[in-house]
Each structure stands twice: as C-alpha cells, then as structure tokens.
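A short write-up of the structure that comes next.
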Amino acid sequence: MNPLVLFLSLFIAITPSSTFDCNGEVLTATIRNNLNGDFALVNDLERIDQGSFVVLNWKDFNLMLPVSFQKGEISFTDKSWLWSYKDNKAGLHENNPRLAHRLPSGKIVEYECKVPTYSPLDG
C-alpha cells in the first residue's frame, strides 16, 4: 500500500455532528460503544461496534436506542424510534439523519433533521 494513501486514510472519518435541528427544535445525539462495557464516546461512524447505542435528547424525549444490525446501514432503533445516518436507499446522510417514530397505530411519523447552519449575524 502506498504510504501516502495510508497516511491520508488516517484523517478520513465520518464524524457526525452531535447537534441537529429537528423540526425547529435542537436535538443532541451522543453515540457510545459498549461492547467491552467502557461506554466509549464515538466520533467516527466507521468505528461503531456491536454494543453501540445513541442517546437522543429532543423536546421532552430522552431516548437510548441500540444499534441496528441491518447490513449496509448505520442506524439505531428500539422498533418504535429510528435514528439513521446511512441506509441502503439514501446512502450516507450524516448531515441530515433520519428520525422516525412508529406510532401504536402503525403510522410512521418522519421528522426533518439537519445540521444547523448559523449566520454570523446570529451572534
């Protein structure tokens, strides 16, 4: 392997934001690995392990969702709520993650989430 390619690959990581705007409300997302019981903070989506979970704080919701094991996806779900950075249909979308909620009726409610953009005039 070319040493330059190896060196540059060390700097390539899929680092998601921890703060999002979801339907006009601030959502914070914290991902932790827990395969070894260490609750290590994850800053690179490529380093998520089988014990990973995400903690979402949004509005009055405090959710802890385990990693899903869908091949080719980077998502977390408890079968009621879904938080996804990558799926087989839309590909990688770490700046616009998917937040969805399956209601008891079976209806799925989608929320629009994105990395907030701030103007320098916002102060």
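The values are calculated or read from the model by the stated rules, or taken from the named source; none is laboratory data. The shown structure was predicted, so the numbers you read here are calculated from the model rather than taken from an experiment. Note that each Cβ is placed from the backbone with ideal geometry, even for glycine, and that neighbours are counted across all protein chains shown.
Among residues belonging to the range 21-62 that are over 18 Å from residue 111 (Cβ atoms) and of a type in the set (Lys, Arg), point out the one that is nearest to the chain's Cα centre (by Cα).
Among them, the one singled out is 32.
State all residues of the range 37-68 that are among the hydroxyl-bearing types (Ser, Thr, Tyr) and surrounded by fewer than 15 Cβ atoms within 10 Å (Cβ to Cβ); if no residue qualifies, say none.
none
I'm trying to understand the selection: among the residues of the range 69-91, which are modelled with pLDDT of 90 or more and exposed (fewer than 15 other Cβ atoms within 10 Å of the Cβ)?
Within the range 69-91, 78, 79, 80 qualify.
If I ask for residues that are loosely packed, with under 12 Cβ neighbours inside 10 Å and in contact with a strand residue (DSSP E or B) (Cβ under 7 Å, 6 or more places away or on another chain), which ones from the range 93-104 would you list?
Selection gives 103 alone.
Do we have any residue at all in the range 20-36 that's of a type in the set (D, E, K, R), under 17 Å from residue 102 (Cα atoms), free of Cβ contacts under 8 Å to residues at least 40 places away in the same chain and surrounded by 13 or more Cβ atoms within 10 Å (Cβ to Cβ)?
No: the range 20-36 contains no residue that is of a type in the set (D, E, K, R), under 17 Å from residue 102 (Cα atoms), free of Cβ contacts under 8 Å to residues at least 40 places away in the same chain and surrounded by 13 or more Cβ atoms within 10 Å (Cβ to Cβ).
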